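The values are calculated or read from the model by the stated rules, or taken from the named source; none is laboratory data. Just so it is clear, the model here is predicted, and its values are computed rather than measured. Cβ atoms come from the backbone with ideal geometry, glycine included; neighbour counts cover every protein chain shown.
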């Protein structure tokens with residue numbers, strides 16, 4: 001799309017520049033941790049609370065470091081791995097950027 005393209009925005013009922021809508025979508029996909037820090041793919045995080053992991057039968061303790069996170073489509077969840085647990089999804093409200 002070029003800057004001259006306009007897209008109909010159903011939320012506002014107006015024709016708006018495509019670049020403006022794309023910038024709003026990019027800003028809306030920012031992921032924050034419990035302290036308000038911006039998270040990105042590959043960051044390391046620390047748990048701020050003990051978490052019981054469903055299906056694994058174990059508890060991740062406060063202070064546990066989780067390395068190399070991946071962001072998901074949901075800004076409130078991150079995808080990560082722990083030594084004993086593969087395919088772990090954590091809510092951002094329980095982590096702090098390291």
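Worth a mention:
- Residues of the stretch 59-98 that are over 27 Å from residue 29 (Cα atoms) and part of a strand (DSSP E or B): 59, 60.
- Residues in the stretch 15-58 that are surrounded by 14 or more Cβ atoms within 10 Å (Cβ to Cβ), assigned by TED's automatic domain parsing to the domain that holds residue 87, out of contact with any helix residue (DSSP H, G or I) (no Cβ under 8 Å at 6 or more places or on another chain) and part of a strand (DSSP E or B): 45, 46, 53.
- Residue list for the stretch 42-98, restricted to those being over 15 Å from the mean Cα position of the chain (by Cα), modelled with pLDDT of 90 or more and on the phi > 0 side of the Ramachandran plot: 63
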